[in-house]
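Novice: What follows is a single structure, and I will ask about it in a moment.
Read the figures in this text as sums done on the coordinates, not as results from a lab. Keep in mind it's a predicted model, so treat the numbers as computed, not measured. Cβ placement follows ideal geometry from the backbone for every residue including glycine, while neighbour counts extend to all protein chains displayed.
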Amino acid sequence: MDQQAAEKRVQELHVQLNQLNYEYHVLDQPTASDAEYDQLLRELINLEETFPQLKSPDSPTQRVGGAVLDMFEKVQHQSPMLSLGNAFGEQDLLDFDRRVRQAVGDQISYVCELKIDGLAVSLRYENGLFIQGATRGDGTIGEDITSNLRTIKSIPLRLNKPVSIEARGEVFMPRKSFEALNALKTERGEELAANPRNAAAGSLRQLDPKIAASRNLDIFLYNIADVGETGVTSHSAGLDLLESLGFKTNKERRKCASIEEVISYVNEWTEQRPNLPYDIDGIVIKVDSLAQQEELGTTAKSPRWAIAYKFPAEEVVTTLKSIELS
Ligand SMILES: NC(=O)c1c(N)nc(OC2CCCC2)nc1O[C@@H]1CCC[C@@H]1O
């Protein structure tokens with residue numbers, strides 16, 4: 001095969017492999033078998049070995065980087081990664097709604113999202129290419145964990161459009177991956193991970209991307225950091241834009257026209273929570289209109305236009321050891 005034919009075939013394989021990867025890891029609806037995927041990947045690996053100049057950083061073969069790092073570089077976020085104020089009950093939600101209405105009037109709608117119990121990260125793309133990913137850190141300074149984030153198969157290495165954008169979301173470890181990890185640790189006589197959140201944190205802190213790749217992490221994107229350039233005017237439209245670019249967003253989100261609808265969503269997911277394949281620790285409620293978010297503004301730490309309803313801590317049933325009465 002000559003270079004020109006190889007170039008054409010490499011492009012075809014990128015398109016096919018990215019589509020199969022998207023269907024499997026973002027849509028959760030695979031249309032090909034693992035064997036078919038592996039065969040195409042093998043063909044691309046061979047072509048890249050024969051024609052090294054055809055290997056590009058966004059190639060599906062480049063997910064698990066080579067070098068083991070000796071530390072993570074610091075990254076300054078272009079805009080702070082805020083945290084969330086908490087609501088612990090219905091009254092707190094009613095108070096939040098009253099404060100919002102007092103500030104921006106009665107024409108409001110909310111977006112409710114499951115609060116994924118993971119780690120907040122920022123993903124930066126230039127002309128559609130994934131160029132840097134970082135932890136939230138203290139909200140202003142995070143750590144560059146690009147090589148570990150590249151191993152997460154639901155993170156696109158190239159977007160569906162050549163846009164420059166910063167998306168933020170939550171990396172998490174699905175419960176199945178958590179159970180597999182602890183089964184492996186048990187076999188190796190290693191200390192078990194306490195919960196999926198800690199396991200995800202430990203995985204993202206690995207200096208060897210091969211170890212991070214083995215942990216089968218996942219991500220849901222929930223925010224565009226620099227929405228100015230995109231022209232969207234609501235949070236829900238922002239999430240739809242992220243989806244159209246190829247990002248994985250959580251499909252359980254719901255637009256609510258009133259705080260009463262928010263409360264019924266909270267009740268529904270308090271019930272449904274155990275059936276999810278990942279841990280959530282609450283529900284995030286956001287004012288949908290970006291203009292109203294702007295009007296409400298933020299405190300130093302968190303937005304006035306969002307709140308996190310936290311589920312009550314699961315009553316920990318401690319079985320008292322039988323006390324030997326002397
Ligand atoms: N964990 C989540 O599922 C989640 C979410 N669905 N949406 C947001 O919105 C951000 C945007 C502005 C303020 C918070 N944050 C989330 O998690 C936050 C990030 C940092 C602390 C919390 O984990």
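Novice: Would you work out if the range 246-295 is rounded, prolate or oblate? Take a ≥ b ≥ c from the square roots of the eigenvalues of the alpha-carbon gyration tensor; rounded if a/c is under 1.5, else prolate when a/b is larger than b/c, oblate otherwise.
Specialist: oblate
Novice: What's the exposure ranking of ARG150, ARG63, ARG101, going from fewest to most Cβ atoms within 10 Å?
Specialist: ARG101, ARG63, ARG150
Novice: Now for a different question. Mind checking the range 68-163 for chymotrypsin sites (Phe, Trp or Tyr not before Pro) that DSSP puts in a loop (not H, G, I, E or B) and that have at most 13 other Cβ atoms within 10 Å?
Specialist: On the way: sites: PHE72, PHE88, PHE96, TYR110, TYR125, PHE130; in loops: PHE72, PHE88.
Here the chymotrypsin sites (Phe, Trp or Tyr not before Pro) that fit, given the DSSP loop and packing criteria, are PHE88.
Novice: Output the pairs from LYS210/LYS251; LYS115/LYS153; LYS74/LYS210 with a Cα-Cα distance over 26 Å in this structure; if there are none, say none.
Specialist: The answer is LYS210/LYS251.
Novice: I want the antiparallel fraction of DSSP beta bridges within the chain, as a percent rounded to 5. Show your work: numbers first, answer last.
Specialist: Values: 41 of 43 bridges.
The antiparallel fraction comes to roughly 95 percent.
Novice: Something else: Of the candidates LEU157, LEU217, LEU181, which one comes out as most mobile in a Gaussian network treatment of the chain with C-alpha springs shorter than 10 Å?
Specialist: LEU181
Novice: Taking the alpha-carbon distance from LYS8 and a cut-off under 18 Å, which aspartates and glutamates remain once sequence neighbours fewer than 8 residues away in the same chain are dropped?
Specialist: GLU43, GLU48, GLU49, ASP58
Novice: Can you grab the distance from the C-alpha centre of the range 201-218 to the C-alpha centre of the range 50-117, Å, no decimals?
Specialist: 19 Å
Novice: Decide, for the range 167-326, between rounded, prolate and oblate: order the square roots of the alpha carbon gyration tensor eigenvalues as a ≥ b ≥ c, take rounded if a/c falls under 1.5, and otherwise choose prolate if a/b is larger than b/c, else oblate.
Specialist: oblate
Novice: A further question follows. How about LYS161: which lysines have a C-alpha closer than 16 Å to its C-alpha, ignoring those fewer than 8 places off in the same chain?
Specialist: Reachable lysines: LYS248.
Novice: Taking only Cα atoms and a 10 Å spring cutoff, compute GNM fluctuations for the chain and point out the largest among TYR24, TYR309, TYR37.
Specialist: Highest fluctuation of the listed residues: TYR37.
Novice: Moving to a separate point now. Decide, for the chain, between rounded, prolate and oblate: order the square roots of the alpha carbon gyration tensor eigenvalues as a ≥ b ≥ c, take rounded if a/c falls under 1.5, and otherwise choose prolate if a/b is larger than b/c, else oblate.
Specialist: Judged from the Cα gyration tensor, the chain comes out oblate (a/c at least 1.5, b/c at or above a/b).
Novice: Before anything else, pin down the relative contact order of the chain: Cα pairs under 8 Å, at least 6 apart, normalised by residue count, whole percent.
Specialist: Dividing the mean separation by the residue count of the chain yields 23 percent.
Novice: With 10 angstrom as the radius, rank SER164, SER236, SER33, SER122 by how many other C-beta atoms surround their C-beta, starting from the fewest.
Specialist: SER33, SER164, SER236, SER122
Novice: Mind checking Rg over Rh on the range 80-196, alpha carbons, Kirkwood formula for Rh? Mind showing how you got there, number by number?
Specialist: Working: Rg = 19.0 Å, Rh = 17.6 Å.
Ratio of gyration radius to Kirkwood radius: 1.08.
Novice: Are there GluC sites (Glu not before Pro) in the range 53-149 that DSSP marks as loop and that have at most 16 other Cβ atoms within 10 Å, and which are they?
Specialist: GLU73
Novice: Then there's this: Quick one: which residues, 5 or more positions from GLU143 or on another chain, have an amide H under 5 Å from its amide H? H modelled 1.01 Å from N in the peptide plane, none for Pro or chain starts.
Specialist: Residues meeting the criterion, in which the H sits 1.01 Å from N, are VAL75, THR135, GLY137.
Novice: Determine, for ILE224, ILE219, the number of other Cβ atoms within 10 Å of each Cβ, and report the residues in order from fewest to most.
Specialist: Fewest to most other Cβ atoms nearby, the residues stand as ILE224, ILE219.
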